[in-house]
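What follows is a set of notes on a single structure, which appears directly below.
The values are calculated or read from the model by the stated rules, or taken from the named source; none is laboratory data. Everything numeric in this text was worked out from a predicted model, so none of it was measured. Counting neighbours? That spans all protein chains shown, and the Cβs are built from the backbone with ideal geometry, glycine included. When the accessible area is computed, the model is the full protein with side chains, heavy atoms only, and any ligands, DNA or RNA have been set aside. Shrake-Rupley method; radii C 1.70, N 1.55, O 1.52, S 1.80 Å.
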2 protein chains.
Amino acid sequence: MPDELQEAVCLALASACGLERGARLVVGVSGGPDSLTLLHALHALGFEVIAAHLHHGLREAADADAAAVEAVARRLGVPLVVGRDDVAALAAAGRQSLEDAAREARYRFLFRVAREQRAVAVTVGHTADDQSETVLMHLLRGSGLTGLAGLRPCRRLPRWDAEIPLARPLLGVRRTATIAYARRYGLPLRWDASNWQRAFFRNRLRLDLLPRLRVENPALDAALGRLAAVAAAEEDFLAAEARRRLTAVLAAEDDKFVGLQRQAFLAAPLALQRRWLRWAAARLGAPEVGFEHVEAARRASAYPGGGARDWFAGLVLWVEPATLWVAQRRATLPAEAWPQLPGEQAFPLEPGGSVALASGWVLTLSALSPPPDDPHTSPATAWLDASALAFPLMVRPRRPGDAIAPLGMGGRRQKIADLMVNAKIPPRLRARWPLVVSGEEIVWVPLLAVAHPARITAATTAAVSLSLRRNA
Amino acid sequence: MPDELQEAVCLALASACGLERGARLVVGVSGGPDSLTLLHALHALGFEVIAAHLHHGLREAADADAAAVEAVARRLGVPLVVGRDDVAALAAAGRQSLEDAAREARYRFLFRVAREQRAVAVTVGHTADDQSETVLMHLLRGSGLTGLAGLRPCRRLPRWDAEIPLARPLLGVRRTATIAYARRYGLPLRWDASNWQRAFFRNRLRLDLLPRLRVENPALDAALGRLAAVAAAEEDFLAAEARRRLTAVLAAEDDKFVGLQRQAFLAAPLALQRRWLRWAAARLGAPEVGFEHVEAARRASAYPGGGARDWFAGLVLWVEPATLWVAQRRATLPAEAWPQLPGEQAFPLEPGGSVALASGWVLTLSALSPPPDDPHTSPATAWLDASALAFPLMVRPRRPGDAIAPLGMGGRRQKIADLMVNAKIPPRLRARWPLVVSGEEIVWVPLLAVAHPARITAATTAAVSLSLRRNA
C-alpha cells in the first residue's frame, strides 16, 4: 500500500532536485514530528539516510529531544551524527537573536556532516505550513518578490556549501499530514514549548492568524505555495536578467564605489533600476536597502549636480552627468577618465616640454612652428600664437576668480567655475583640473576652452600646440 | 497652510501620470467620503475637474448618494455629469455578479464622459486601504505577481479607452485621512450599508482581518503599498520580456491554435514558459488558467507523442517533436508545412505528369531519362529505375499493413506506421501523407524513404525522378 506522504516526498526530491532512491542524504532532525517523519519516509523510500541532530543546549528539553532522535534512529537502523553547540554564547558573540544563532549553527553543522559523509544533499523538514508562515511573514513585514518566493524546494546556498543543495521535500505537505504520519508509524510526538509563546510574531501567525485565514480559504496553504513557486521562478528570471544587463550599465566597481552609466540606467526598466541599486548597496557591504531609499536614489539620479548626497547606511550618491555613483562616504571616486593635476602645485612648461598629470595623462607643449591650416582639430589640442605667450607657461589648478575669454565668444570673459558647470564637469574633478597659464592669463583649459587673445590669426607667424593625451 | 492630503494627491498625479494643475480631469464620485475628498482636493489644487456620478439604481440609498454628490458639486461650482444604468439588468444579461456589473457600467460611463468632455484622465478615489484589501485578497485567493501588483496609480485600460488613463491619486493615502479631510471640509460622510455585510470576503478583510494584521504591523498598509509598487514594476518588466521573447518561440498563431517551438520553449526560463502558456490560453479565449494546469502543460511538453490531450476549458495540447500546440478541441492544426493529400482518393501519375496536394504542394513525375550520376540529392526527390515500375504510378493515402523496404536497410521491410513514428511525423499528419505506389508496391514515401527494389543500380538504363515541392 503506497503511502501518500512518502510518494509526495519522492516526487518532490525527483522533480526539484533530481534525486532518486538510493541517493545519500543528510536529514536534519530536531526531534519534532516534521523532521522525524521526513527521516522515516526517506528511509522507507530507500534513500540512504544519515540522521544529523544538533544539540544546542538552549532548552531544558534539549536532552530529551536528542534522546528521541536517538531512539528513532536506532529503531530504523539509521546512522546518527549528534553535534553540540553553545548557541547562547554564539548569539552573544555575534549579536544575534537566539533563533538566528541557532539556525546558523544548525546549517553549519548539517553541511559539515554532509561533506564528511559525502552526502549529495541536506534535507530538512519544512512543511507547507512553514511555507505559509514564511510567505505571510514576509508579506506583512513588507517584502518584494524575493521574500514572497519563500522557502525553496531545492537550493544551493553558497554560504554553507558551493555544491551540496538544501532540499525541503515536505514543502508541499501540510503539518497535519506529518503529524498523522508520525502517529501512524509510532514516531514520538514532541513539541517545542516555545512554539506556543505568542511573544514571537511567527507563533502568533501560526496559532492565530493562519487558522483565521484558512477559514476564508481552506486551500490557503496551496495558494501560498503556488504563489511562492511562481514568485521563485520570476525572482530567478529577474535576478538573472538584472545580472546579465548590469554589464551594459556598470561603469566602474570597487569595494568602495559602484558607478552606473547614468543614461543607460535611466533608460532601463524600473524593475532593473531598483534591482541594480539594491545590488550596489549590497556590493558595498550595506545592509538590505529599503524601498524608500531605493526610490530616493532613483529620484536623485534624474538630477545631476552637486557633490556627495547622503543615501543610507553611510553610503553616498554622486549624480554626475555621465555616471551615477554609489559610494562609501570616504571613498575617492575614480578620476582616471579625466585630466587631473597630481596635487596643488604648479608646473612650468617650456616649448618641447611636457607635464605628467595623474593616471597617465600628459600635457605637452610643442616646439615653435608655422601656424597650421586648421587649428581646431580636437578639444585635446590647442594651437596658440606664440607671440601672445610668455614662456615658460605654467600648468596649475584653478584659483578663486579665475576666468578666460573663450574663443568664439567675441572676447567676452567667463569664469572658469561657470565654464566647468556648463561643460558638466563633476564638481569633484574641478579643483585639480589643469589650467595652462601665460603670465597671469589662462590660455587653455584642456578639453574645454582656448583663450581668444592667444588664438591663431592671419597675422600669426610662429605657433605652438598644447596637447593632452593619456598613456594607456 | 498647505494641506497634506492635497499635496499627496498633487505629487501622485505628477509622478505617476505626469499630470499638473490645470489638467482637465473626470472624477468618478460615488458619494462616499473617498471620492468626495478626491473631488474637493483636486478642485482645491486647481485642476479643472468634472464630477461624474453613475446612478445604478441598486440600493435605496442611491438617490441620496446622487443628491449628496450634486450638493457638493454645486457648492464647489464644479460641473457634474450624472448617468443612469440598470445594473441589475446588466448583471442578469451578462451573467455577472452585481459588483462586477456595477464596476463595468461605472468605468464605461466614466470613460465615455472623459471622451465627451475631452478630459486627459479619469480619476477615482481608491485609497491605501483599498490597495491593502486588493493585494491581500489576491494573495489569500492564490495569485501570481499580476495580482500582487494590485491597483495601479496610473494605467491605460484599452478595454475602456486606448488613450485616456485611469489615475488613482489617493492610493498612498489611508482611509482615515480621507475621512478626516471630509470632516475638515464639511463634506457629507455617507456610508454604503453593504460595506458592513460580512457575507462579502472583501468586507471581512476590511472589518476583521486587516485591523488584526495592523496590530502586528501598524505600517502594514505602507508595506503592502510598497509590495504592490515593486510587484507592478516587476510584472511590467516580465510581461514585456515575455512578449518580446515570444516572437522567437511562436511557430503559428490563430484564433483556434497557438504553436510554440518546442525546443525553444523547453530551453526558456521557467517564468517565461509559464507566462507563454497563460498567454496562449488567453489568446484562445479561455478563462484565466490556473497554476496546476500551467504546470501540467509544462510537464506534458517534455514528452512528445500521441494525439490531442485534454488541457482545460475545452482546450487541448498536441505535443509534437517540433511544436507544442495549444488549441481548441475542434481546431484543425496547420499542416501547410507538410505534404498532405487533399482527401481520401488516389491519383494516377504518368511520366511528365503531376499531382496537386493540399496547401500548394505538388508531386511531379519526370519523363524517362538516363540515370543521374548521384541519385541521392534530397529527401524531396527520388530517382527510380523505370524498368522496376508499372505506369501509371498511383499517389494514395496509407492503408493498414502498408510497408516498404527502405533503401539502405538491406532490403528489410518496415511498416509505414513505424517509419512515420521513427521520423517523428505527428500522428495527425500520417493519415493523409502521400504514398507513391507502383502496382501493389510502395516505391516512395516522400521525404522519408525510397524503395530498395526500385533503386537506381549500375544496370539502370532508363530512370524517372519523383519530386515534391511547394509553390509559395
**Q.** Net charge of Cβ neighbours under 12 Å - reference A:LEU266; Lys, Arg +1; Asp, Glu -1
**A.** +3
Q | Local electrostatic count, B:LEU140, Cβ distance below 14 Å [Lys/Arg +1, Asp/Glu -1] | A | +4
Q. If we hang a label 7 Å off Cα along the beta carbon direction at B:GLU336, how far is it from the matching labels on the other copies, in nm, shortest first?
A. 5.6
Q) Amide H of B:GLU253: which non-local residues (sequence gap of 5 or more, or other chain) have their own amide H closer than 5 Å, using H built in the peptide plane? A) B:GLY259
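On full extension of the chain, what length is gained from A:ARG115 through A:TYR303, given 0.36 nm per residue of separation minus the C-alpha to C-alpha distance? List each step's numbers first, then the result.
Values: separation 188, 0.36 × 188 = 67.68 nm, distance 5.20 nm.
The A:ARG115-A:TYR303 span can extend by a further 62.5 nm.
Rounded to the nearest 500, what is the 222 nm mean residue ellipticity of the protein assembly as shown from helices alone, with -39500 (n - 2.57) per DSSP H run of 4+ residues and division by all residues? Could the numbers behind the result be given before it?
Numbers: 30 runs with 336 residues, N = 944.
When only DSSP H runs of four or more count, the value is -11000 deg cm²/dmol.
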Q | Nearest-10 value in Å² for the accessible area of B:THR146, using the 1.4 Å probe | A | 70 Å²
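How about the range B:288-350: which GluC sites (Glu not before Pro) there lie in a loop by DSSP and see at most 15 other Cβ atoms within 10 Å? Can you show the working numbers first?
On the way: sites: B:GLU288, B:GLU292, B:GLU295, B:GLU336, B:GLU344; in loops: B:GLU288, B:GLU336, B:GLU344.
Here the GluC sites (Glu not before Pro) that fit, given the DSSP loop and packing criteria, are B:GLU288, B:GLU336, B:GLU344.
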Q. In whole Å, how far is the Cα centre of the range B:200-255 from that of the range A:261-286?
A. 22 Å
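Stretched out fully, how many nm does the piece from B:ALA252 to B:ALA423 gain, at 0.36 nm a residue minus the Cα gap? Spell out each step's value before the answer.
On the way: separation 171, 0.36 × 171 = 61.56 nm, distance 2.17 nm.
Extending this stretch completely gives an extra 59.4 nm.
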Q. What number in nm² do you get for the protein assembly as shown if you take the convex hull of its Cα atoms and divide its surface by four?
A. 60.0 nm²
Q. Taking amide H positions as placed 1.01 Å from N in the peptide plane, with prolines and chain starts having none, which residues 5 or more places from A:ILE456, or on another chain, fall under 5 Å of its amide H?
A. A:ASP385
Q: Within the range B:308-351, report the trypsin sites (Lys or Arg not before Pro) that DSSP leaves as loop and that have at most 14 other Cβ atoms within 10 Å.
A: B:ARG329, B:ARG330
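Loop only by DSSP, 13 or fewer other Cβ within 10 Å of the Cβ. Give me the GluC sites (Glu not before Pro) in the range A:78-169 that pass, ordered by residue number.
A:GLU163
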Q | Global form of the range B:366-415, assessed from the alpha-carbon gyration tensor, a/c cut-off 1.5 | A | oblate
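Ignore the peptide's own chain and count Cβ atoms of other chains within 10 Å of each Cβ in A:237-248; give me the average, rounded.
Numbers: counts 12, 7, 0, 2, 5, 1, 0, 0, 0, 0, 0, 0.
So the per-residue partner count for this stretch is 2.
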Q.
From the phi angles alone, apply the Karplus equation (6.51, -1.76, 1.60; θ = phi - 60°) to the range A:171-186 and give each ³J(HN,Hα) in whole Hz, x where the residue is Gly or Pro.
A. 5, x, 10, 5, 5, 4, 6, 5, 5, 4, 5, 4, 4, 4, 9, x
Q.
Heavy atoms of the protein only, probe of 1.4 Å, neighbouring chains included. What is the accessible area of A:LEU368 in Å², nearest 10?
A. 100 Å²
Q: Using θ = phi - 60° and the Karplus relation 6.51 cos²θ - 1.76 cosθ + 1.60, list the HN-Hα couplings for the range B:346-354 in order, rounded to whole Hz, with x at every Gly or Pro.
A: 9, 10, x, 9, 9, x, x, x, 8
Q. Magnitude of the Cβ-charge dipole of the range A:225-275, K/R +1 and D/E -1, about the Cα centre, nearest 20 debye?
A. 160 debye
Q.
So if I place +1 on the C-beta of Lys and Arg and -1 on the C-beta of Asp and Glu, and nothing else carries charge, what would the dipole magnitude of the protein assembly as shown be about its Cα centre? I want it in debye, nearest 20.
A. 680 debye
**Q.** Set of lysines near B:LYS415 by C-alpha distance (under 20 Å), chain-local residues within fewer than 8 positions excluded
**A.** B:LYS424
Q | Of all DSSP beta bridges in the protein assembly as shown, antiparallel share, percent nearest 5 | A | 75 percent
**Q.** Exam field: B:GLN117 pseudo-label spacings to other copies (7 Å along Cα-Cβ), nanometres
**A.** 7.1
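In peptide A:12-25, what is the residue-averaged number of other protein chain Cβ atoms found within 10 Å of each Cβ?
Values: counts 0, 0, 0, 2, 0, 0, 0, 0, 0, 0, 0, 0, 0, 0.
If you average over the peptide's residues, the count of other-chain Cβ atoms is 0.
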**Q.** Heavy-atom accessible area ranking, 1.4 Å probe, most first, across A:ASP192, B:ASP310, A:ASP373
**A.** A:ASP373, B:ASP310, A:ASP192
Q) Extension gain B:ASN471-B:ALA403, at 0.36 nm per residue separation less the Cα-Cα distance, in nm? A) 21.5 nm
Q) Which value, in Å² rounded to 10, gives the accessible area of A:LYS415 with a 1.4 Å probe and all protein chains present? A) 120 Å²
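Considering only the other residues whose Cβ falls under 12 Å of the Cβ of A:TYR303, what net charge follows from Lys and Arg at +1 and Asp and Glu at -1? Walk me through the numbers before you get to the answer.
Values: positive: A:ARG262, A:ARG298, A:ARG299, A:ARG309; negative: A:GLU320.
Net local charge, A:TYR303 excluded: +3.
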Q: Kindly write out, for the range B:40-46 in residue order, the coupling ³J(HN,Hα) from the Karplus curve 6.51 cos²θ - 1.76 cosθ + 1.60 (θ = phi - 60°), rounded to whole Hz, with x marking Gly and Pro.
A: 4, 5, 5, 5, 4, 6, x
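Quick one: plug the Kirkwood hydrodynamic radius of chain A (C-alpha pairs) into Stokes-Einstein at 25 °C, 0.890 mPa s, and report D in µm²/s. All intermediate terms of the calculation are to be shown ahead of the outcome.
Values: Rh = 27.7 Å.
Estimated diffusion coefficient is 89 µm²/s.
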Q: Assuming a ≥ b ≥ c are the square roots of the Cα gyration tensor eigenvalues, decide whether the range B:1-159 counts as rounded (a/c under 1.5), prolate (otherwise, with a/b larger than b/c) or oblate.
A: oblate
